[in-house]
Amino acid sequence: MHELNLVQGIVEAAADAAERMGNPRVTAVNVRVGRLAGVDAGALLFSYDVVVAGTTLEGSRLQIVDVPLVVWCSHCLEEKELPEINRFRCPQCGTDAGEIRSGRELEVESLEIESAEVEA
């Protein structure tokens, strides 16, 4: 299960970012995962709860943003989202689509942090 190793890297990157911000309480880690990333979202979520236990991110949640598979169609001269990952043809004209524009991502997009309440 390589998702456990991936989550360890995600948690390390998020904890480092939080430390650079002065260690605010992180409530969520938002991760972009492309359809071609070869990652099981359920395994990521399960692994996250295991990895954050006992860390500064304990109690936070992992939120996964799905990134569609988008290719460049050289015939239509525009980007096209592919409905399937096993057929790399433009859904409009049927031309082979060779250039992938998105769908391989696996990256920490942002952190959500608890804001401090200010009393007036």
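The values are calculated or read from the model by the stated rules, or taken from the named source; none is laboratory data. The structure displayed is predicted, hence computed values, not measured ones. For neighbour counting, all protein chains shown are included, and Cβ atoms are generated from backbone atoms with ideal geometry for every residue, glycine included.
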Looking at residue 65 and the list (1) surrounded by 14 or more Cβ atoms within 10 Å (Cβ to Cβ); (2) modelled with pLDDT of 95 or more, which single condition is not satisfied? (1)
Among residues of the range 96-115 being within 16 Å of residue 32 (Cα to Cα) and part of a loop (DSSP other than H, G, I, E, B), the residue nearest to the chain's Cα centre (by Cα) is 105
Counting only strands (runs of 3 or more DSSP E) wholly inside the range 51-95, the ones holding at least 2 residues that are in contact with a Pro (Cβ under 8 Å, 6 or more places away or on another chain) are 78-81
Select from the range 13-61 the residues that are farther than 19 Å from residue 113 by Cβ, among the small types (Gly, Ala, Ser) and surrounded by 15 or more Cβ atoms within 10 Å (Cβ to Cβ) and list them in ascending order. 34, 37, 43, 47
Residue among 60, 74, 102 that is in contact (Cβ under 8 Å) with a residue 60 or more places away in the chain and touching an Asp or Glu at 6+ places or on another chain (Cβ under 9 Å): 102
